[in-house]
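Encoded as structure tokens, the structure appears first; notes follow it.
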Amino acid sequence: MKKNIIKLILFSCLIVAGQQLPAQGPPNPPGDPSLQGPPVGGSAPVGGGLEILLVMALAYGSKKTYKLWKSKELKE
């Protein structure tokens, strides 16, 4: 019983401490882009993730279609 009370108190302290401690704030916004600085939003590539997603979706769809075709072929 004593162990459960200690665990409850420790858990409660961790919950309260987690709510009271703030996280790190957001970074400062970039400077004025009209002054030939870096582009707003940085230089992160946009298309790379989309291409990977499409290739993975195509592979998944092909696998599902092949399994469906194979199961229909075995039933006949």
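Once you have the Cα-Cα distance between ASN28 and SER62, take 0.36 nm times their residue separation minus that, and quote the gain in nm to one decimal.
Difference between extended and current length: 7.7 nm.
Work out how much length VAL55 to SER71 would gain on full extension: take 0.36 nm times their residue separation and subtract the Cα-Cα distance, in nm to one decimal. Kindly include the intermediate steps, with their values, before the conclusion.
On the way: separation 16, 0.36 × 16 = 5.76 nm, distance 2.44 nm.
Gain in length upon complete extension: 3.3 nm.
Read-outs: derived from the displayed coordinates by stated rules, not from any lab. Fair warning: this is a prediction, and the values are worked out from it, not measured in the lab.
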